[in-house]
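This report refers to the structure that appears directly beneath it.
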Amino acid sequence: MTPEDTGDDASVIGRSRAEPSLFAVIFDRHSRHIHRYLVRRLGPTAADDVLADTFLIAFSKRAGFDLSRPDARPWLYGIATNLVSRQWRSEVRELKLRQAVGPPDVDAGHADRVAEQVSAQALGADLDRALAKLRPRERDVLLLVAAEGLGYQEVAEALAIPVGTVKSRLNRARGRVRAELGALDLVKETASHG
């Protein structure tokens, strides 16, 4: 590890104000996590562009980063989430496209693997539909906690909302997703018996 790689995010960002090339350390540390989050939110095609925009914005706003915060991830997730919100229409179109396309064609010779893939894709499609029906603010909180593993405080920092609001949005989102998935199971069960 080189000397500029050492230290917490705040010290690297602070030094990058005088030496801009040091900001690459922040990209190297966090881009994989932010990209994974963006792929889950927008799909792989849009994720690359939004990832680039996220780090361009972070770079341009690094002078305003609160150096008392040692971890830049909540800040970066906040920027990424704001960009996702701006692309809400694209996100909904992507979810609808995933639903319309359905599972890819598979060879009949791999029955067990095909059955597993179809089951996983069906659950994924159902989950995509349930997530698409959430309010954007609730979806943001749910995905940051469940998919990205952020704690309540980190989500609060990322979205600039109180921790209590994070908890209430997460509770509502979980309830709505459970209700939606439960309703789908009931519909499928009724259809299979009818």
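Here's the yes/no breakdown for (1) in the same structural domain as residue 146 (by TED's automatic domain parsing); (2) touching an Asp or Glu at 6+ places or on another chain (Cβ under 9 Å); (3) part of a helix (DSSP H, G or I):
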{"position": "25", "(1), (2), (3)": "no, yes, yes"}
{"position": "58", "(1), (2), (3)": "no, no, yes"}
{"position": "67", "(1), (2), (3)": "no, no, no"}
{"position": "82", "(1), (2), (3)": "no, no, yes"}
### Message
Going by what's in this entry, would residue 8 be described as out of contact with any Phe, Trp or Tyr (no Cβ under 9 Å at 6 or more places or on another chain) and either in the same structural domain as residue 139 (by TED's automatic domain parsing) or without any contact (Cβ under 8 Å) to a residue 40 or more places away in the chain (or both)?
### Response
no
### Task
For residue 155, indicate whether it is at pLDDT 90 or above and assigned by TED's automatic domain parsing to the domain that holds residue 137.
yes
### Query
How many of the residues making up the range 112-145 are modelled with pLDDT under 65 and not hydroxyl-bearing (Ser, Thr, Tyr)?
11
### Query
Looking at (1) in a helix (DSSP H, G or I); (2) surrounded by fewer than 15 Cβ atoms within 10 Å (Cβ to Cβ), which is the only condition residue 33 fails?
(2)
### Task
Starting from residues that are within 18 Å of the chain's Cα centre (by Cα) and more than 24 Å from residue 152 (Cα to Cα), keep the ones in the range 58-90 and report whichever is modelled with the lowest pLDDT.
90
#### Entry: Enumeration of residues in the range 162-182 that are hydrophobic (A, V, I, L, M, F, W, C) and modelled with pLDDT under 85
181
### Query
Take the residues of the range 131-155 that are touching a residue at least 40 places away in the same chain (Cβ under 8 Å) and among the small types (Gly, Ala, Ser): which is surrounded by the fewest Cβ atoms within 10 Å (Cβ to Cβ)?
147
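The values are calculated or read from the model by the stated rules, or taken from the named source; none is laboratory data. Predicted, not measured: the structure shown is a model, and the values here were computed from it. As a convention, Cβ positions derive from the backbone with ideal geometry for all residues, glycine included, and neighbour counts pool all protein chains shown.
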